[in-house]
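Below is one structure, written out as structure tokens, with a few remarks after it.
The values are calculated or read from the model by the stated rules, or taken from the named source; none is laboratory data. Not measured: the values here are computed from a predicted model. Backbone-built Cβ (ideal geometry, glycine too); neighbour counts: all protein chains shown. The protein model used for the area step is the full one, side chains on, heavy atoms only, and it has no ligands, DNA or RNA in it. Shrake-Rupley method; radii C 1.70, N 1.55, O 1.52, S 1.80 Å.
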Amino acid sequence: TYVIALPCVDVKDRACIDECPVDCIYEGERSLYIHPDECVDCGACEPVCPVEAIYYEDDLPEMWADYYKANVEFFEISTGSVPAVGSPGGAAKVGVIAMDHPVIAALPPQAH
Ligand code: F3S
Ligand code: F3S
């Protein structure tokens, strides 16, 4: 899967959403998250992010290793949110999910 890391937090440019052929990039309060089971590893999102927040999981910089967990766990902890998130996917119909993974929620406001 691809992973969205720290640079997205409080930026949410959203250019990635338009590129994803399977609509698997979901929006939280402060960051977006890629659904690990829905992402087909096409890589289309990665080059369009203006702040270089998106990485293939094996290429994620070590300092952002927690963001793999954050992307995966976001879809576990947001299960039960209304409307339900998860496979079969489709981020557009879900809209903004009013929460973030704890790793991201705990960050101070990010000045970019
Ligand atoms: Fe975030 Fe970059 Fe997408 S800032 S919303 S990962 S284009
Ligand atoms: Fe979509 Fe990016 Fe995966 S465009 S399929 S989230 S690699």
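When only residues in segment 44-59 that are part of a helix (DSSP H, G or I) and in contact with a helix residue (DSSP H, G or I) (Cβ under 6 Å, 6 or more places away or on another chain) count, which is surrounded by the fewest Cβ atoms within 10 Å (Cβ to Cβ)? Taking the candidates together, the pick is Val48. Taken together, the residues in segment 7-36 that are at pLDDT 95 or above, open to solvent by 40 Å² or more (accessible area, probe 1.4 Å) and of a type in the set (A, V, I, L, M, F, W, C) amount to 2.
Considering Asp18, Asp41, the condition of being in contact with a strand residue (DSSP E or B) (Cβ under 9 Å, 6 or more places away or on another chain), of a type in the set (Asp, Glu) and not in a strand (DSSP E or B) is satisfied by Asp41 alone.
Just to be sure before I move on: is Glu62 more than 10 Å from ligand 2 (Cβ to nearest atom), within 21 Å of Pro108 (Cα to Cα) and either of a type in the set (S, T, N, Q) or free of Cβ contacts under 8 Å to residues at least 12 places away in the same chain (or both) in the structure I sent? Spelling it out, Glu62 is indeed more than 10 Å from ligand 2 (Cβ to nearest atom), within 21 Å of Pro108 (Cα to Cα) and either of a type in the set (S, T, N, Q) or free of Cβ contacts under 8 Å to residues at least 12 places away in the same chain (or both). Residue count for segment 10-31 satisfying the condition of being in contact with a helix residue (DSSP H, G or I) (Cβ under 6 Å, 6 or more places away or on another chain) and more than 8 Å from ligand 2 (Cβ to nearest atom): 3.
Can you tell me which residue is nearest to the chain's Cα centre (by Cα) among those in segment 32-53 that are near ligand 2 (Cβ under 7 Å from one of its atoms) and of a type in the set (A, V, I, L, M)? Among those residues, the one meeting the criterion is Ile34.
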